[in-house]
Amino acid sequence: MTPEKPSSATSAPTSLLNRDDRLSGREMVEHLVPPRQFMSASLDNYRPDPDFPSQAEAVEAVRIFASGAAPRRGGLFSRRKPSEEVRPGIYLDGGFGVGKTHLLASLWHLARGRKYFGTFIEYTALVGALGYADTVKALKGASLLCIDEFELDDPGDTRLMARLLGELVASGSRIAATSNTPPNALGEGRFAAQDFLREIDALAGQFTTIRVDGVDYRHRENSGHAVTTEPAEVRERLAALGGDTTVDDFDAVLGFLGTVHPSRYVKVVEGLVGLGLLDVHPFTSQTDALRFVAFVDRLYDAQVRVVASGTALDEVFPEEMLSGGYRKKYLRAVSRLIALTSDQRE
């Protein structure tokens with residue numbers, strides 16, 4: 001889906017480093033809605049891949065959950081024996097690009113009353129901005145909380161989310177989540193998951209897991225490689241997009257991202273139609289790489305076109321990173337970068 005171009009006159013690219021990243025707690029709550037590309041998502045316009053029946057089954061499971069009934073498929077967020085009780089949560093487990101976020105946004109649209117949609121990091125950042133008690137107060141009474149990209153990179157966040165979701169479920173809220181990581185392996189490869197088994201189990205009892213298999217839909221229509229541009233042509237291609245664009249050296253952007261909390265990246269990219277990166281090169285720092293992954297997620301949510309020179313953006317994560325505990329994060333970013341640099345994004 002190509003973002004609509006503003007009708008204002010084209011302006012020269014500015015610098016990402018000068019964009020406002022300030023975001024109040026109130027604004028963070030207001031931002032808890034589906035990304036722009038999913039504002040019209042529905043179960044009716046989700047396109048199941050006929051080669052993977054679990055996608056059509058997931059549509060039906062989400063439809064049933066939205067109705068308030070118990071999903072018909074078994075398999076819980078833990079290894080406990082499935083029961084017939086109506087659980088307050090649903091967990092969509094599968095690879096990247098199989099439509100989990102579309103399904104999650106569709107559920108959000110179906111829900112009545114006050115509801116919220118955000119990434120795992122946005123909810124934890126909200127606690128950091130408002131404090132735990134005020135976050136509970138702000139979210140309490142919501143009919144539905146949707147949590148996209150559920151991840152447990154930090155054991156402290158595990159405890160925090162277990163406590164927060166436990167309180168919200170107890171007050172009557174329902175929870176829906178997605179992740180690229182199988183639910184029994186949350187935290188695997190990054191910290192000793194068994195040390196936090198009690199917290200994970202506290203979450204596990206709230207969810208019914210729905211498996212969504214398939215092939216990354218972005219690769220169905222893109223070439224499979226990120227597009228690179230000659231340095232002298234980057235500004236010209238950005239200007240052709242119309243609207244607000246930025247262009248900076250890759251290293252300068254990485255340095256800037258290190259000064260901004262990832263929860264504020266949504267503010268940094270707000271209103272952008274294009275982002276230029278000069279002299280892209282492979283990562284040597286995993287910290288920089290993980291920040292960039294979080295930034296790519298927000299670029300993708302806002303459908304900001306990326307024009308880059310240097311190393312192709314699908315080749316910036318070295319093999320040692322791709323074989324480590326954050327492998328799925330990096331592969332998701334690669335998939336999205338291919339889409340964002342393509343002329344045929346959707």
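If you scan the stretch 38-70, which residues turn out to be of a type in the set (Phe, Trp, Tyr) and over 22 Å from Thr119 (Cα atoms)? Don't jump to the end; show me each part of the working.
Filtering the stretch 38-70 for residues of a type in the set (Phe, Trp, Tyr) gives 38, 46, 52, 65.
Answer for the stretch 38-70, where residues must be of a type in the set (Phe, Trp, Tyr) and over 22 Å from Thr119 (Cα atoms): just Phe52.
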Next item on the list: Any chance you could count how many residues in the stretch 119-148 are within 20 Å of Arg332 (Cα to Cα) and at pLDDT 95 or above?
Entry: 1
Item checked: Matching residues, the stretch 35-70, being touching a residue at least 60 places away in the same chain (Cβ under 8 Å) and part of a helix (DSSP H, G or I) -> Arg36, Gln37, Phe38, Ser54, Gln55, Glu57, Ala58, Ala61, Val62, Phe65
Checklist line | Filter result for Asn45 (open to solvent by 90 Å² or more (accessible area, probe 1.4 Å) and either at pLDDT 90 or above or not basic (Lys, Arg) (or both)) | finding: no
Check: So, of the residues in the stretch 221-240 that are at pLDDT 95 or above and among the aliphatic types (A, V, I, L, M), which turns out to be surrounded by the most Cβ atoms within 10 Å (Cβ to Cβ)?
Finding: Leu238
Checklist line | Answer from Val280, Val269, Val293 - the residue that is farther than 19 Å from Gln37 by Cβ and open to solvent by less than 10 Å² (accessible area, probe 1.4 Å) | finding: Val280
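Tell me, which residue of the stretch 4-40 that is within 18 Å of the chain's Cα centre (by Cα) and closer than 17 Å to Gly274 by Cα is modelled with the highest pLDDT?
Pro35
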Notebook entry, point to check: Of the conditions (1) of a type in the set (A, V, I, L, M, F, W, C); (2) in contact with a Leu (Cβ under 6 Å, 6 or more places away or on another chain); (3) at pLDDT below 95, Ala111 fails just one. Which one is it?
Noted result: (3)
Notebook entry, point to check: Among the numbered criteria (1) open to solvent by less than 10 Å² (accessible area, probe 1.4 Å); (2) under 20 Å from the mean Cα position of the chain (by Cα); (3) of a type in the set (Val, Ile, Thr), which single criterion is violated by Ile121?
Noted result: (1)
Check: Residues in the stretch 155-166: is at least one within 23 Å of Ile64 (Cβ to Cβ), at pLDDT 85 or above and not acidic (Asp, Glu)?
Finding: yes
Item checked: Residue count, the stretch 32-47 (criterion: of a type outside the set (S, T, N, Q) and in contact with a Ser or Thr (Cβ under 9 Å, 6 or more places away or on another chain)) -> 7
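With the stretch 238-325 as the region, which helices (runs of 4 or more DSSP H) entirely inside it contain at least 2 residues that are of a type in the set (Asp, Glu) and in contact (Cβ under 8 Å) with a residue 12 or more places away in the chain? Explain how you work it out, then say what you get.
On the way: elements: 250-257, 265-268, 286-302, 319-322.
Output list reads 286-302.
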Next item on the list: Name every residue in the stretch 205-220 that is at pLDDT 75 or above and either of a type in the set (A, V, I, L, M) or part of a loop (DSSP other than H, G, I, E, B) (or both), in order of residue number.
Entry: Gln206, Ile210, Val212, Asp213, Gly214, Val215
Check: Based on what the data block shows, is Arg305 on the phi < 0 side of the Ramachandran plot and modelled with pLDDT under 95?
Finding: no
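The values are calculated or read from the model by the stated rules, or taken from the named source; none is laboratory data. From a predicted model like this one, the values you see are computed outputs, not experimental measurements. For neighbour counting, all protein chains shown are included, and Cβ atoms are generated from backbone atoms with ideal geometry for every residue, glycine included. These accessible areas exclude ligands, DNA and RNA; they are computed on the full protein's heavy atoms, side chains included. Shrake-Rupley method; radii C 1.70, N 1.55, O 1.52, S 1.80 Å.
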